[in-house]
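Comments concern the structure below.
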Amino acid sequence: MTLRELHPGQSARIDAVDASQPGVVRLMVLGLIEGVEVQYQNSAIGGDPMEVSVYGAAISIRKQQAASFRISPITPNV
Amino acid sequence: MSEVETAYIPVDKISIRHRATASIAVIGNPNSGKSTLFNRLTGLRQTTGNYPGVTVEKHSGTVQLNGSALELVDLPGIYCLGGFSADERIAVDVVLGRIEGTPRPDGLLVVLDATHLYQGLYLLQQLMEMQLPMVVAMTMTDVATASGIDISIEVLQRHLGGIQIYPVVATSGRGLDTLKEALEAIANATAPAVPESWPELSSTADELVKSTADTGLPRIDVIQALIHPESKRAAILEEHLGNRTIAEIRDRLFGKEPPQAAEARHRYGWVHSVLQEAQHRAPLIERYGARTRRWLNRPWPSTIMFFAVMALVFQAVFSWATPLMGGIDLGATFLADQVAAVLPQGALSSFITDGVIAGVGSVIVFLPQILILFLFIIVLEDSGFLARAAFLMDRIMRSVGLSGQSVIPMLSSFACAVPAIMATRVIPNRRDRIATIMAAPFMTCSARLPVYALLIAAFVPDESVGWFNLQGLVLLGLYLLGIVGGLATAWLLKRSALRGPKPQFALALPEFRWPNLQTVLIKLLDRARIFLKRAGTVIFAVAIIVWGLAYFPRSAEIQTNLHSTISQAESSYRGDQLEKEVRELENHAAAAQLEQSYLGRAGRFIEPVFTPLGWDWRVSAAVIAGFPAREVVVAVMGTIYAVGEEAEEASLTGKLRSATWPDGRPIFTVPMVLGLLLFYAWCLQCAATIATIRRETNGWRWPLFAWTYMTTIGYVGALLIYQLGSIL
């Protein structure tokens, strides 16, 4: 499963990042790397781009790049 | 005066201004409260200058300490030393001392946002590699506490090799005194120990520094050279040790992936482990308003709110500015009348009234709109709204080959293209940046409005179509024409000359925050100053040139005729009637003078070019006069149609309606007016914009292209409308 398939409000842990895809390095520099927990916050109309947060910092990410992040979902701690 | 009095002033009342002894760069993530802290420390003792050879402005100020002073240099916020956009590259280049004529800073004041330690610690690690004296300030500690984030500063300091962290609340000033004490001691501070986030990189860098000692490359440059293979430093390193050796080192450190990806993994991995220990999040208790805010951030509500806010901004820009602009206009006219009454008639009087005063007036008449727009943009920027706007509009901009980051410049260009073009510096990719620069001048700026208003009032009937007013609909159409023209241009360029990989869009989204009043005002003054300097000088110079072309050569015959006819009138009219008659005669003389001036001759000379568009020499002359600055067109038309420069709209529209060709056909027909409007919507008639494009793109290629392209499509569009319209 990739970040692309996450549902709004859901959290996940990043397992692997394919850094060779265009635009992915920039997202890694903003903190989306293996081992951290991300949460899908919001999106623009149509679900693209999505807003995910890591350690409280919100990052905008397009669906195309989101597909480069392999994740395992964790139950949202509501 | 034999007695000498001695005044005793208590020592603590004397404030001694020290001169700055060292230069400290203030650096941190975007939206980390860095500028607010900078303003707090320097107060109003700030200057804005330029880095030699670079378009980005240098903001510096002096902070007065107990026994000394330091120069602080505020830099654009960055996330890493990679430098993706022009703005970020400047920050990196200044910190690393790579700008010629600007020495490397003597120390760093690093700003860490307590609510975004994750990204802040990433940058901090990279900065620690520089081995410069460093003071770390932690901002937003109040916000962090309020949102349940518990940070152990002791633990953080231990992980950072004992470096001191000073918590401050920049808005209230808490902690500033302690921070100043630390800054006072910065010169004697020892450089921080390198964090142990990536031992392999550290040891490799140390070895390389030793083996390349004779090149004088500092440690940070060696690291940057390894991580950025395309850079100048990388070339020096490769030349010195051989491509093979360096390639092997890179392979060992980074594997097959981009070096910055490997760096992000190592450094964020380290941050992750540090934060596990140093930061704890209390289970979030939802505060009042949090639910509403979350709801407002959902796709549809946020998009609707975006358009509502934009509508409000435009409404404010135009309705609040109109009375102010009217006032400035009146003031300029009043001043010109006073001068004209004092000075004898002639070239000098005309130069001062129609040249200098009108020129200065035409610069400051834009200030109300520009200032109001800037005020909104700064408030929206500092509250985090603009980043959201870019996020929400990304999808639409993608369809023309751009990204959400082009939205902010395009919005600014509805007031003026000059600040819009400067705002493109945040766009990482050069091709996307240029495509945005080419699209921005199409948007309906405030200088186009007087022309639109005049032509619409004169030739579009004031009647309603369904629920709408026809004149309003035409104005809306002209706005849409600008938007369509700009977006189509970006789309075409991105498919041809600027073809390249799809623009990426990775943006940090700051949460909503109330902007700080002092920061907003300082930014506003700063941008107003830059606008006046960049656009003001060009617009003023242009006003003087256009005045000269319209004034010279002066025909003595016309003036003699005027005097004799006035004396005739004086014998046959009295009172108001006489005054009216004299004004009429003067206006006709002015029109005759303009007709035989250089501008009038140019209009006649160029008339054949514009005849296919249905324009006579008068319209052609006004259009030529408008090429350097489109807003002069209405004044030139006023003179040329002999209604005086401060033409009442009603009298000018009357003249325009009755203007005819020599054979009696009306000049201003519906197709001709529609063509003229389209020409104004698309043509690049603004020397200030051209100068700004040249500055921001470092050359004449793009400004020349923009001018030629926009003039051509404006001409062809007007030609098609007139010719097709005349057949139908």
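What follows draws every value from the coordinates through simple rules; no lab data is involved. Because the structure is predicted, anything quoted here is derived from the model rather than measured. Heads up, the Cβs are rebuilt from the backbone with ideal geometry, glycines too, and the neighbour counts pull from every protein chain shown.
Mind checking which aspartates and glutamates have their C-alpha under 12 Å from B:LYS494, skipping anything on the same chain fewer than 8 residues away?
The qualifying aspartates and glutamates are B:ASP432.
The stretch B:560-588 to the stretch B:296-311: how many Å between their Cα centroids?
So the separation of the two Cα centres works out to 61 Å.
Okay, which of the stretch B:577-604 sit inside 18 Å, backbone N to the point 7 Å along the Cα-Cβ direction of B:SER571?
The answer is B:578-579, B:581-582, whose backbone nitrogens lie closer than 18 Å to the label point.
Bin width 10 Å, origin at 0, all Cα-Cα pairs of the stretch B:325-477: what percent of pairs per bin?
10, 26, 26, 24, 11, 3, 0
Please compute the average number of Cβ atoms from other chains found within 10 Å of each residue's Cβ in peptide A:33-44. Before the final figure, lay out each step's value.
Numbers: counts 9, 5, 5, 6, 1, 0, 0, 0, 4, 10, 7, 13.
The mean count of partner-chain Cβ atoms within 10 Å per residue comes to 5.
Could you give the length gained on full extension between B:HIS240 and B:GLN723, defined as 0.36 nm per residue of separation minus the Cα-Cα distance, in nm?
Details: separation 483, 0.36 × 483 = 173.88 nm, distance 6.82 nm.
Gain on extension, B:HIS240 to B:GLN723, equals 167.1 nm.
Counting every Cα pair in chain B, what percent are over 34 Å apart?
Details: 151904 of 264628 pairs.
Here the long-distance tail beyond 34 Å is 57 percent of all Cα pairs in chain B.
In the stretch B:460-590, if the dipole is taken from +1 on Lys/Arg beta carbons and -1 on Asp/Glu beta carbons about the Cα centre, which of B:LEU507, B:LEU521, B:ALA490 is farthest to the positive end?
B:LEU507
Treat each spin label as a single point 7 Å out from the Cα along the C-beta direction, and report the B:LEU343 to A:ARG13 distance in nm.
It is 8.0 nm.
If the cut-off is a Cα-Cα distance under 20 Å, which lysines reach B:LYS655, setting aside same-chain residues fewer than 8 apart in sequence?
Hits, sequence-local ones excluded: B:LYS580.
Amide H to amide H, which residues 5 or more places from B:LEU75 or on other chains are under 5 Å from it, using H placed in the peptide plane?
Counting only residues 5 or more places away or on other chains, the set is B:VAL26.
Could you tell me how many degrees, from 0 to 90 and to the nearest 10, lie between the Cα long axis of helix B:670-682 and the main elongation axis, the longest principal axis, of the Cα atoms of chain B?
30 degrees
Which FRET efficiency, nearest 0.05, do B:TRP661 and B:GLN559 yield, Cβ-Cβ r, R0 30 Å?
Using R0 = 30 Å, I get an efficiency of 0.55.
Take every DSSP beta bridge with both residues inside chain B and express the antiparallel ones as a percent of the total, to the nearest 5.
Around 50 percent of the beta bridges assigned by DSSP in chain B are antiparallel ones.
What is the average number of partner chain Cβ atoms found within 10 Å of a Cβ in B:264-271? Numbers along the way, then the final one.
Working: counts 13, 6, 1, 3, 11, 4, 0, 4.
Mean number of neighbouring Cβ atoms from other chains: 5.
Please list the three semi-axes, largest first and in whole Å, of the ellipsoid equivalent to the stretch B:139-225, using sqrt of 5 times the eigenvalues of its alpha carbon gyration tensor.
Computed over the stretch B:139-225, the values are 34, 17, 11 Å.
Expressed as an acute angle from 0 to 90° and rounded to the nearest 10, what is the orientation of the C-alpha long axis of helix B:259-278 relative to the principal long axis of chain B?
60 degrees
Over all directions, how big on average is the projection of the convex hull of the alpha-carbon atoms in chain A, in square nanometres? All intermediate terms of the calculation are to be shown ahead of the outcome.
Values: hull surface 18.3 nm².
Computed as one quarter of the Cα hull surface, the answer is 4.6 nm².
Can you tell me the Rg and the Dmax, both Å, for the Cα atoms in the stretch B:522-661?
When restricted to Cα atoms, the stretch B:522-661 yields Rg and Dmax of 18.1, 62 Å.
Under the rule of -39500 (n - 2.57) per DSSP H run of 4 or more residues, summed and divided by the residues of chain B, what mean residue ellipticity at 222 nm is obtained, to the nearest 500 deg cm²/dmol?
That comes out to -18500 deg cm²/dmol.
Classify the stretch B:356-427 from the C-alpha gyration tensor, please: rounded if a/c falls under 1.5, else prolate or oblate depending on whether a/b exceeds b/c. Intermediate values should be presented prior to the final figure.
Working: a/c = 3.41, a/b = 1.99, b/c = 1.71.
Since a/c reaches 1.5 and a/b is larger than b/c, the shape of the stretch B:356-427 is classed as prolate.
Need one number: nm distance between label points at B:PHE314 and B:GLN596, each 7 Å from Cα along Cα→Cβ, rounded to one decimal.
Going by the 7 Å Cα→Cβ label model, 4.8 nm.
With unit charges on the beta carbon (Lys/Arg positive, Asp/Glu negative), name the residue among B:LEU112, B:LEU585, B:ALA69 whose Cα is farthest towards the positive pole of the charge dipole of the protein assembly as shown.
The residue sitting farthest along the positive end of the dipole is B:LEU112.
Work out from phi, with θ = phi - 60° and the Karplus expression 6.51 cos²θ - 1.76 cosθ + 1.60, the ³J(HN,Hα) of each residue of the stretch B:303-313, listed in order in whole Hz, and give x for Gly and Pro.
Whole-Hz 3J(HN,Hα) from phi for the stretch B:303-313: 5, 4, 5, 4, 5, 5, 5, 4, 4, 4, 4.
To check you understand DSSP bridge types, tell me what percent of the beta bridges within the protein assembly as shown (both residues inside) are antiparallel, rounded to 5. Present the calculation step by step, with values, prior to reporting the outcome.
Working: 42 of 62 bridges.
Given both bridge residues lie in the protein assembly as shown, the antiparallel proportion sits at roughly 70 percent.
Take the residue pairs B:LYS34/B:LYS58; B:LYS502/B:LYS523; B:LYS180/B:LYS533; B:LYS256/B:LYS502; B:LYS232/B:LYS523; B:LYS210/B:LYS232 and return only those whose Cα atoms are more than 26 Å apart.
Result: B:LYS502/B:LYS523; B:LYS180/B:LYS533; B:LYS232/B:LYS523 exceed 26 Å.
Shape call for the stretch B:541-618 from the C-alpha gyration tensor, a ≥ b ≥ c root eigenvalues: rounded (a/c under 1.5), prolate (a/b greater than b/c) or oblate?
prolate
Which of the peptides A:38-44, B:39-45 is most tightly packed, and how do the rest follow, judged by the mean count of other Cβ atoms within 10 Å per residue?
My ranking of the peptides, most packed first, is A:38-44, B:39-45.
Got the relative contact order for the stretch A:23-73 handy, in percent, Cα pairs under 8 Å and 6 or more residues apart?
Over the stretch A:23-73, the number comes to 28 percent.
Restricting the count to DSSP beta bridges whose residues both fall in the stretch B:57-163, what percent are antiparallel, rounded to a multiple of 5?
DSSP beta bridges in the stretch B:57-163 are roughly 50 percent antiparallel.
Enter the mean projected area of the convex hull around the alpha-carbon atoms of the stretch B:300-355, in nm², rounded to one decimal.
Result: 4.6 nm².
Using all alpha carbons of the protein assembly as shown, what is the percent of pairwise distances in each 20 Å bin, ordered from the shortest bin to the longest?
Binned Cα distances yield the sequence 14, 41, 29, 15, 2, 0.
Mind jotting down the three principal axis lengths of the stretch A:37-78 based on Cα atoms? Whole angstrom, largest first.
26, 19, 17
Which one of B:SER413, B:VAL342, B:PHE705 is farthest out on the positive end of the charge dipole of the protein assembly as shown, using unit charges on Cβ (Lys, Arg +1; Asp, Glu -1) and the Cα centre as origin?
Farthest towards the positive end: B:PHE705.
How far is helix B:430-439 tilted off the main Cα axis of chain B, in degrees rounded to 10, range 0 to 90?
Taking Cα atoms only, the helix is inclined about 20 degrees.
Restricting things to alpha carbons, find the Rg to Rh ratio for the stretch B:221-355 using the Kirkwood radius for Rh. Don't skip to the end; give the middle numbers.
Values: Rg = 32.2 Å, Rh = 23.3 Å.
Expressed as Rg/Rh, it is 1.38.
How high is the FRET efficiency from B:THR322 to B:ALA189, r the C-beta distance, R0 51 Å, rounded to 0.05?
The calculated FRET efficiency here is 0.40.
Given Cβ point charges of +1 (Lys, Arg) and -1 (Asp, Glu) and nothing else, what value in debye, to the nearest 20, does the dipole of chain A about its Cα centre take?
Using Cβ point charges on Lys, Arg, Asp and Glu, chain A gives about 120 debye.
Let me check I've understood the local charge: for B:PRO105, count other residues with C-beta under 14 angstrom from its C-beta, Lys and Arg +1, Asp and Glu -1. What total comes out?
Around B:PRO105, the surrounding residues sum to -1.
Looking at the P(r) of the stretch B:67-160, how many percent of alpha-carbon pairs lie beyond 21 Å?
Taking all Cα-Cα pairs of the stretch B:67-160, the fraction more than 21 Å apart is 38 percent.
Would you mind giving the mean number of other chain beta-carbons within 10 Å of the Cβ of each residue in B:33-40, as a whole number?
Mean shielding by partner chains, rounded to a whole number: 0.
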